[in-house]
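The values are calculated or read from the model by the stated rules, or taken from the named source; none is laboratory data. Not measured: the values here are computed from a predicted model. A quick note on method: Cβ atoms are made from the backbone with ideal geometry, for glycine too, and the neighbour counts reach across all protein chains shown. The protein model used for the area step is the full one, side chains on, heavy atoms only, and it has no ligands, DNA or RNA in it. Shrake-Rupley method; radii C 1.70, N 1.55, O 1.52, S 1.80 Å.
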Amino acid sequence: MTEVDKGGTSASATQTATEVGGLADPGPDTVIDVRDLHMRYGTNDVLKGVTFSAERGEVLALLGPNGAGKTTTIEILEGFRMRSGGSVSVLGTDPAHGNESWRARLGIVLQSWRDHGKWRVRELLHHLGSFYTPYSTEAIRRPWNTDELIEAVGLSEHADKRVMRLSGGQRRRLDVAIGIVGKPEVLFLDEPTAGFDPHARREFHDLVHRLADENITVLLTTHDLDEAEKLADRILVLAGGRIIADGSADALSRMVSTKAEVRWSIGTERHVHSTDDATTFVRRLLTEHGSAVQDLEVRRASLEDTYMKLVYGMESGLAGDEDAAQVFFGREEQVTVAAEPHGRDIDEEGAR
Amino acid sequence: MNASGVAIRAGIRRGLAEIRQMLTSGPDLLSVLFFPTITLIVMYFLRDSTLPGTDISVGSAAMPGVLGMQVAFAGLVGVSASLMVEREDGTLLRAKAVPNGMFGYLVGKIIVGAFDGALAMLIVLIPGLFLLDGFRIESLNAWLTLAWVLALGLIATMPIGAMIGSLSDNPRNMGLVMLPLLGLVAISGVFYPITALPGWVQFIAQLFPIYWLGLGMRSALLPDAAAAVEIGGSWRYAEMIGVLGVWIVVGLIFAPILLRRMARRESGSTVAARRDRALQRVQ
């Protein structure tokens with residue numbers, strides 16, 4: 001087996017090991033531990049056994065089609081919604097029975113609308129922050145100093161504005177500021193950048209990176225795959241009521257396909273070739289054509305390709321009431337998919 | 001300081017901040033002043049006609065009833081409307097996401113409600129004292145009566161307002177609340193003596209706080225002789241305290257239950273659903 005393939009296999013193997021490990025007792029650094037989570041609305045099973053965990057300081061992105069249960073999952077973890085079954089632990093506490101001192105360690109970024117429109121930015125942050133003072137500890141001073149926080153989210157110029165006078169992007173930054181004013185240990189972000197312009201999005205990403213550097217565990221949902229890839233250490237794909245994939249963007253793309261795409265041009269001719277072993281192929285290509293090879297590019301399947309393949313491949317493979325996750329979820333199958341030697345025969349014709 | 005103490009203090013500051021915001025916002029002030037101004041103008045023009053058989057002007061006789069109604073509306077409508085609005089716009093959810101935030105929110109609401117009640121009464125009372133001849137408060141006793149009727153009225157009506165507010169999450173349902181309330185005002189002897197109405201209507205009116213608040217205000221502001229036109233020819237303090245007391249007990253038992261139920265159901269997706277509903281209406 002080539003090196004690239006080995007890489008792919010070991011990534012999947014590690015991932016499988018983590019999942020198996022997740023079924024044992026959570027370690028001291030496990031901040032979120034969800035096992036076999038079920039949620040049923042009436043006769044409709046939205047979650048059919050969701051299992052994942054997050055370590056301290058990890059950034060997790062939860063992806064999935066509309067209606068897959070991302071928001072439901074997050075709301076159960078926030079303690080805002082009662083689950084139908086399974087076990088959930090956030091910071092060592094069952095969210096269904098979380099008390100106020102547990103809540104003080106949580107940050108929730110809510111989508112704002114018109115609330116607190118008459119309050120001024122500084123006044124509102126100071127007010128909401130004041131609720132956290134009794135929960136200050138030696139290690140974590142709560143709440144965040146109001147002016148430092150305003151500075152951190154880039155609202156200094158608008159600190160004395162009424163909330164209703166803020167632009168959409170500024171308001172969203174205020175939402176984030178409210179979410180983190182209590183110096184949370186876990187932060188939940190439900191579609192944080194919906195409606196952001198590219199600049200605001202970039203600033204928001206920088207902010208999340210800074211938070212992750214401070215050892216805050218972040219769980220976010222998004223429809224923006226590019227964002228998930230940029231922000232998250234680990235990506236969870238929720239579909240058909242289960243987590244059908246769990247790993248880094250890279251591991252996920254290997255899970256679906258081990259092929260890489262090689263593009264180059266010789267003279268005015270452009271070439272594209274898909275291969276399992278890009279290294280060997282490129283070496284051969286260069287040996288054969290030398291410096292005539294221009295614009296050389298090697299690309300793995302993008303997260304978007306992977307996601308489409310995972311989610312829609314799975315959905316279209318479903319017959320009637322067939323259990324969605326069975327098709328793609330079986331752990332052995334995951335490994336098999338990743339290790340399956342797709343087109344091992346290197347297409348030498350492509351090199352011409 | 002413990003967490004509840006901190007939340008109470010934060011709630012008090014919240015209440016004061018909201019009062020300041022109301023007093024410094026043009027549209028808010030306008031809505032506070034609108035009804036009292038109209039009332040005062042009407043009373044002013046009625047100053048020369050007197051109640052048949054007395055020398056009390058119709059304006060002066062109706063003033064206390066209006067004061068009682070103002071207090072009842074501040075408790076019932078003010079509290080329920082703000083709960084519905086702040087549930088829809090996500091204020092409550094934010095409070096829920098903060099430790100002891102709901103408690104602080106409620107403390108703030110009580111402060112704002114009490115201020116609104118007192119303001120609603122004084123805003124009619126004080127100009128009335130200057131504008132209406134024969135309408136005056138002569139004794140300390142009258143002020144004291146006014147104060148305890150106000151306090152009792154707010155304690156009785158604010159929990160009912162909270163109960164009404166917790167039952168609906170749609171501010172556009174406020175009309176469903178206003179309609180029966182206005183009906184109740186019509187039969188509660190606010191603008192004319194209740195004894196002019198049929199017995200069964202009087203019975204219904206006496207089940208609710210508006211009549212008793214009006215009666216309490218009249219007992220404070222009108223000469224004792226005016227009690228003659230009341231039911232039983234007296235101010236009936238015992239019955240007044242009895243009926244308002246029952247409402248207080250009912251409110252203090254059920255309001256926390258309903259508020260807890262309401263708070264438990266708040267989540268990001270419920271607020272998002274309300275926003276979508278409201279935006280659909282706008283389009």
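Being open to solvent by 50 Å² or more (accessible area, probe 1.4 Å) and within 23 Å of B:VAL250 (Cα to Cα) is the filter here; which residues of the stretch B:206-226 pass it? Passing the criteria: B:LEU207, B:PHE208. Within the stretch A:48-89, the set of residues being more than 18 Å from A:LEU110 (Cα to Cα), within 14 Å of chain B (Cβ to nearest Cβ) and under 19 Å from the mean Cα position of the chain (by Cα) comprises A:ASN66, A:GLY67, A:ALA68. Among all residues of the stretch B:176-197, there is at least one that is farther than 25 Å from B:GLY78 by Cβ, assigned to a helix (DSSP H, G or I) and out of contact with any strand residue (DSSP E or B) (no Cβ under 8 Å at 6 or more places or on another chain). Quick check, is B:THR157 part of a helix (DSSP H, G or I), without any contact (Cβ under 8 Å) to a residue 40 or more places away in the chain and either among the hydroxyl-bearing types (Ser, Thr, Tyr) or touching a Phe, Trp or Tyr at 6+ places or on another chain (Cβ under 9 Å) (or both)? The answer is no for B:THR157. When the criteria are applied in full, A:ARG172 meets the requirement of being within 14 Å of another protein chain (Cβ to nearest Cβ) and not β-branched (Val, Ile, Thr).
Listed by first and then second residue, the pairs with beta-carbon distance under 6 Å, at least 6 apart or on different chains, first residue in the stretch B:59-74 and within 29 Å of B:ALA162 (Cβ to Cβ), second open to solvent by less than 10 Å² (accessible area, probe 1.4 Å) and not in a helix (DSSP H, G or I), are B:MET63/B:PHE135; B:GLY65/B:VAL190; B:MET69/B:VAL190.
Output the number of residues of the stretch A:130-153 satisfying the condition of being away from chain B (no Cβ under 14 Å), in contact (Cβ under 8 Å) with a residue 12 or more places away in the chain, part of a helix (DSSP H, G or I) and open to solvent by 20 Å² or more (accessible area, probe 1.4 Å). Qualifying residue count for the region: 2.
Only one entry in A:VAL208, A:VAL181 is modelled with pLDDT of 90 or more and touching a helix residue (DSSP H, G or I) at 6+ places or on another chain (Cβ under 9 Å), namely A:VAL181. Is at least one residue of the stretch A:179-188 without any contact (Cβ under 8 Å) to a residue 40 or more places away in the chain and either under 22 Å from the mean Cα position of the chain (by Cα) or open to solvent by 10 Å² or more (accessible area, probe 1.4 Å) (or both)? Within the stretch A:179-188, none of the residues are without any contact (Cβ under 8 Å) to a residue 40 or more places away in the chain and either under 22 Å from the mean Cα position of the chain (by Cα) or open to solvent by 10 Å² or more (accessible area, probe 1.4 Å) (or both). Taking B:ALA263 as the residue in question, decide whether it is in a helix (DSSP H, G or I) and more than 25 Å from B:ARG172 (Cβ to Cβ). It is false that B:ALA263 is in a helix (DSSP H, G or I) and more than 25 Å from B:ARG172 (Cβ to Cβ).
The set of residues in the stretch B:226-275 that are out of contact with any Phe, Trp or Tyr (no Cβ under 6 Å at 6 or more places or on another chain) and among the hydroxyl-bearing types (Ser, Thr, Tyr) comprises B:SER234, B:TYR237, B:SER269, B:THR270.
One line per residue, one yes/no per condition, for (1) over 30 Å from A:PRO65 (Cβ atoms); (2) buried (at least 18 other Cβ atoms within 10 Å of the Cβ):
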{"residue": "A:LEU211", "(1), (2)": "no, yes"}
{"residue": "A:VAL218", "(1), (2)": "no, yes"}
{"residue": "A:GLU229", "(1), (2)": "no, yes"}
{"residue": "A:ILE244", "(1), (2)": "no, yes"}
{"residue": "A:VAL262", "(1), (2)": "yes, yes"}
{"residue": "A:THR275", "(1), (2)": "yes, yes"}
{"residue": "A:VAL282", "(1), (2)": "yes, yes"}
{"residue": "A:GLU288", "(1), (2)": "yes, no"}
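Identify, from the list B:PHE254, B:PHE203, the residue that is in a helix (DSSP H, G or I), open to solvent by 60 Å² or more (accessible area, probe 1.4 Å) and closer than 13 Å to B:SER188 by Cβ. Result: B:PHE203 is the single residue among B:PHE254, B:PHE203 that is in a helix (DSSP H, G or I), open to solvent by 60 Å² or more (accessible area, probe 1.4 Å) and closer than 13 Å to B:SER188 by Cβ. Only one entry in B:LEU131, B:LEU167, B:LEU140, B:LEU154 is open to solvent by 10 Å² or more (accessible area, probe 1.4 Å), closer than 16 Å to B:LEU259 by Cβ and hydrophobic (A, V, I, L, M, F, W, C), namely B:LEU167.
Take B:ALA62 and decide whether it is open to solvent by 10 Å² or more (accessible area, probe 1.4 Å) and either among the aliphatic types (A, V, I, L, M) or in contact with a Leu (Cβ under 8 Å, 6 or more places away or on another chain) (or both). It is false that B:ALA62 is open to solvent by 10 Å² or more (accessible area, probe 1.4 Å) and either among the aliphatic types (A, V, I, L, M) or in contact with a Leu (Cβ under 8 Å, 6 or more places away or on another chain) (or both). Mind checking whether some residue in the stretch A:105-119 is in a helix (DSSP H, G or I), more than 21 Å from the chain's Cα centre (by Cα) and within 9 Å of chain B (Cβ to nearest Cβ)? Within the stretch A:105-119 (the criterion being in a helix (DSSP H, G or I), more than 21 Å from the chain's Cα centre (by Cα) and within 9 Å of chain B (Cβ to nearest Cβ)), the answer is no, since none of the residues qualifies.
Taking the condition modelled with pLDDT under 90 and under 13 Å from the mean Cα position of the chain (by Cα), does B:VAL32 pass? Answer is yes for this residue.
If I filter the stretch B:14-58 down to residues being open to solvent by 70 Å² or more (accessible area, probe 1.4 Å) and in contact (Cβ under 8 Å) with a residue 60 or more places away in the chain, which single residue comes out as farthest from B:LEU222 (Cα to Cα)? Only one residue tops the list, namely B:LEU16.
Among the residues of the stretch A:120-129, those identified as open to solvent by 30 Å² or more (accessible area, probe 1.4 Å) and more than 8 Å from chain B (Cβ to nearest Cβ) are A:ARG120, A:ARG122, A:HIS126. Checking A:ALA194, A:ALA200 one by one, the residue that is in a loop (DSSP other than H, G, I, E, B) and among the aliphatic types (A, V, I, L, M) is A:ALA194 and no other. Here A:ALA212 meets each of (1) closer than 30 Å to A:LEU110 by Cβ; (2) in a helix (DSSP H, G or I); (3) out of contact with any Gly (no Cβ under 7 Å at 6 or more places or on another chain); (4) among the small types (Gly, Ala, Ser) with one exception, condition (3).
With a requirement of 3 or more residues that are away from chain A (no Cβ under 14 Å), the helices (runs of 4 or more DSSP H) lying completely within the stretch B:1-103 that satisfy it span B:26-45, B:58-73, B:79-88.
Among the residues of the stretch B:1-50, those that are of a type in the set (Gly, Ala, Ser) and under 24 Å from B:SER82 (Cα atoms) comprise B:SER4, B:ALA7, B:ALA10, B:GLY11, B:GLY15, B:ALA17, B:SER25, B:GLY26, B:SER31.
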